[in-house]
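Below is one structure, written out as structure tokens, with a few remarks after it.
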Amino acid sequence: MKVTLENLETLAWEKQGGLIPAVVQDANSGELLMQAYMSPEALRQSLESGLVTFFSRSRQKLWQKGEESGNVLNCIEISGDCDRDSLKVIAEPTGPVCHLGTGTCWEASLQPSQSFLTQLEAVIDSRKGSPADESYTAKLFERGTKYIAQKVGEEAVETALASVAGDDKELLNESADLIYHLLVLIKSRDLSLADVVQVLQERHR
């Protein structure tokens, strides 16, 4: 169920002494970011402020994620499971989530492979405005949207030719080139992969 200010008291708080475990998932990549505990007050503050807040069992007080580091979690949606004794928090991180400085508290190798596209998109976005001699991506941005669009067209043709030739290895290589250049093109227009996914979701309804 989607948790709101009106129904948060219906969760099974009594099962674990007034606390419920909450797993945080990246709203864009789908990666599992971290796990902590919420009290009714922490959940209420998360919903009201839009910033994910937990209850620290060691310090016995509320703590807003990122209150010291600045790497807050913007709360998108919180839902309870079928037994109402655990929570899933959909959030957008503003920086590394783990105290070790990594994006997630779990090893990257254990994450869904598709989430790499979101990581790649972030790297591409970071290249905007960088000197052209620092990276190929920066050079593409410097040459502008028209040139990037031309590269996407070229890669699309090469991908199609590889598929017709029946060369699976070449098809995969060309597909990777196409996806990369397409991401650069999207970012050159200040759009995102999430915007594309939203269009697909709307079509799927």
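The values are calculated or read from the model by the stated rules, or taken from the named source; none is laboratory data. Please read all numbers here as calculations on a predicted model, not as lab measurements. Every residue, glycine as well, gets a Cβ built from its backbone with ideal geometry; the counts of neighbours run over all protein chains shown.
Taking the conditions exactly as written (assigned to a helix (DSSP H, G or I), of a type outside the set (Asp, Glu) and within 25 Å of residue 95 (Cα to Cα)), does residue 124 satisfy them or not?
Yes.
Within region 35-53, count every residue that is under 15 Å from residue 76 (Cβ atoms), among the hydroxyl-bearing types (Ser, Thr, Tyr) and buried (at least 19 other Cβ atoms within 10 Å of the Cβ).
Going through region 35-53, the residues under 15 Å from residue 76 (Cβ atoms) turn out to be 43, 46-53.
With among the hydroxyl-bearing types (Ser, Thr, Tyr) added as a condition, the list becomes 46, 49, 53.
Then drop every residue that is not buried (at least 19 other Cβ atoms within 10 Å of the Cβ), which leaves 46, 53.
Final tally of qualifying residues: 2.
Confirm whether residue 15 is buried (at least 19 other Cβ atoms within 10 Å of the Cβ) and at pLDDT 90 or above. Break it down into steps so the answer makes sense when it comes.
On the way: buried (at least 19 other Cβ atoms within 10 Å of the Cβ): no; at pLDDT 90 or above: yes.
Here the answer is no, as residue 15 does not meet what is asked.
List pairs: first residue in region 193-205 and free of Cβ contacts under 8 Å to residues at least 24 places away in the same chain, second residue among the aliphatic types (A, V, I, L, M) anywhere in the structure, Cβ distance under 8 angstrom, at least six positions apart or on different chains.
What qualifies is 195/186; 196/186.
Search region 127-171 for residues being hydroxyl-bearing (Ser, Thr, Tyr) and in a helix (DSSP H, G or I), and hand back the single one that is nearest to residue 189 (Cα to Cα).
We begin by selecting, within region 127-171, every residue hydroxyl-bearing (Ser, Thr, Tyr); these are 130, 135-137, 145, 147, 159, 163.
From what's left, in a helix (DSSP H, G or I): 136-137, 145, 147, 159, 163.
On the way: 136: 18, 137: 14, 145: 7, 147: 13, 159: 23, 163: 29 Å.
Across region 127-171, the extreme among qualifying residues is 145.
Pick from 62, 32: which is among the aliphatic types (A, V, I, L, M), at negative phi, surrounded by 15 or more Cβ atoms within 10 Å (Cβ to Cβ) and within 18 Å of the chain's Cα centre (by Cα)?
Working: 62 fails: within 18 Å of the chain's Cα centre (by Cα).
32 is the lone residue from the list that is among the aliphatic types (A, V, I, L, M), at negative phi, surrounded by 15 or more Cβ atoms within 10 Å (Cβ to Cβ) and within 18 Å of the chain's Cα centre (by Cα).
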